[in-house]
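Just below is one structure, and these are the notes that go with it.
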Amino acid sequence: MFAIPVARELFGGSTTVEWVLILIAGACMTASAYFGIKSLTIISYIAVPLVAILGTVAMIMAVRQGDGTIVDQFAKSSGSLSVIGGAGLAIGSFVSGGTATPNFTRFAKNGKQGTIATVVAFFIGNSLMFFFGAISYIFVGGNDIFEVMIRLNLFYLAILVLGLNIWTTNDNALYTAGLGLANIFNKRKKPMVLISGVIGTLLSVWLYYNFCGWLNILNCTLPPVGIILVISYFMNKKAYDTDTFKIVTVNWFAVVGVILGAIVANVVTWGIASINGMAVAAVCYVIGELVHKNK
């Protein structure tokens, strides 16, 4: 998502240049995740303020250059996505981020600070990113903030915003993947981060051209995972609070809940896909917990 647009704008879409940039970007993103939370924090200290400032500038410029009001512009594209479809994408997006949040809030000094940081990130930071893309798009066009800034003749700033935005997203994702694989296979995190980084880098071109389909899969698959995590905590709150929660190697009811939830979310056309998946997963997991407690 960084290399292909940049190569297209600067080098006429050269495949060689694309792969050179992909390998460089992949190495940088993997390195920052490899060195852990401190390097992630440094990148974020640089990236977040710059993206916020430059995104705001692009949004204001787009509104000034465009014609009509925001309401008028949004009205032109109304009907292309249903309310239920939009709600499903939004819910899936928040749940997918929520499942990874504990990997970072565990470094907070206390629960209050972790909660404040999470609320600010999701409800202010995430909303700002929606505003940058949506409001800028309806006035000047473009599929993302990079194309918007190109159309505003902010080419070099566009490269900076794109690079920092993708970097802070990918290094967090790699850190999360590495940590998860380390727990699953009982290995050290750093080698798992390297493996994830190599796989992600090599598959990135394929994923770039199949991104919407991949997002739809995640939108249906991740919410069941999130709801099981939440229910597990509230059904076993005392055990969690006293660090006496017994971890089993495989919780089959949770596994079945995720699988059935994902299938229902992908197959059932009625309602909101992510909520359908969560409902099925929740039922499966609750039944499993009740069976376990009765034993």
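The values are calculated or read from the model by the stated rules, or taken from the named source; none is laboratory data. Every value quoted in this text rests on a predicted model; they were computed, and no experiment measured them. Cβ atoms come from the backbone with ideal geometry, glycine included; neighbour counts cover every protein chain shown. Note: accessible area is taken over every heavy atom of the protein model, side chains too, but ligands, DNA and RNA are not part of it. Shrake-Rupley method; radii C 1.70, N 1.55, O 1.52, S 1.80 Å.
Among the residues of this structure, residue 214 counts as one that is touching a helix residue (DSSP H, G or I) at 6+ places or on another chain (Cβ under 7 Å), open to solvent by 50 Å² or more (accessible area, probe 1.4 Å) and under 26 Å from residue 129 (Cα atoms).
Look at the stretch 245-257: where a residue is over 15 Å from residue 227 (Cα atoms) and assigned to a loop (DSSP other than H, G, I, E, B) and a partner is open to solvent by less than 70 Å² (accessible area, probe 1.4 Å) and at pLDDT 75 or above, sitting 6+ places away or on another chain with Cβ atoms under 7 Å, you get 245/236; 245/239.
Restrict the check to the stretch 191-202 and report whether at least one residue is touching a helix residue (DSSP H, G or I) at 6+ places or on another chain (Cβ under 9 Å), more than 27 Å from residue 103 (Cβ to Cβ) and surrounded by fewer than 16 Cβ atoms within 10 Å (Cβ to Cβ). No.
When the stretch 54-89 is limited to residues that are crowded, with 16+ Cβ neighbours inside 10 Å and not hydrophobic (A, V, I, L, M, F, W, C), the one that is modelled with the lowest pLDDT turns out to be 73.
For the stretch 258-274, the criterion of being closer than 22 Å to residue 102 by Cβ and outside any helix (DSSP H, G or I) is met by none of the residues. Only a single item in (1) at pLDDT 80 or above; (2) open to solvent by 30 Å² or more (accessible area, probe 1.4 Å); (3) of a type outside the set (S, T, N, Q) is not met by residue 144, and it is number (1). Residues that are touching a residue at least 60 places away in the same chain (Cβ under 8 Å) and of a type in the set (A, V, I, L, M, F, W, C) within the stretch 260-277 comprise 272, 273, 275, listed in sequence order. Within the stretch 178-190, being open to solvent by 40 Å² or more (accessible area, probe 1.4 Å), modelled with pLDDT of 90 or more and of a type in the set (A, V, I, L, M) holds for one residue alone: 181. When residue 277 is tested against (1) in a helix (DSSP H, G or I); (2) farther than 27 Å from residue 170 by Cβ, exactly one condition is not met: (2). Residues that are under 26 Å from residue 15 (Cβ atoms), among the hydrophobic types (A, V, I, L, M, F, W, C) and in a helix (DSSP H, G or I) within the stretch 180-239 comprise 194, 195, 198, 199, 202, 205, 206, 207, 211, 212, 214, 215, listed in sequence order.
Could you grab the pairs with beta carbons closer than 6 Å, sequence gap of 6+ or different chains, first residue in the stretch 164-187 and of a type in the set (Lys, Arg), second one surrounded by 16 or more Cβ atoms within 10 Å (Cβ to Cβ)? Partner pairs satisfying both residue conditions: none exist.
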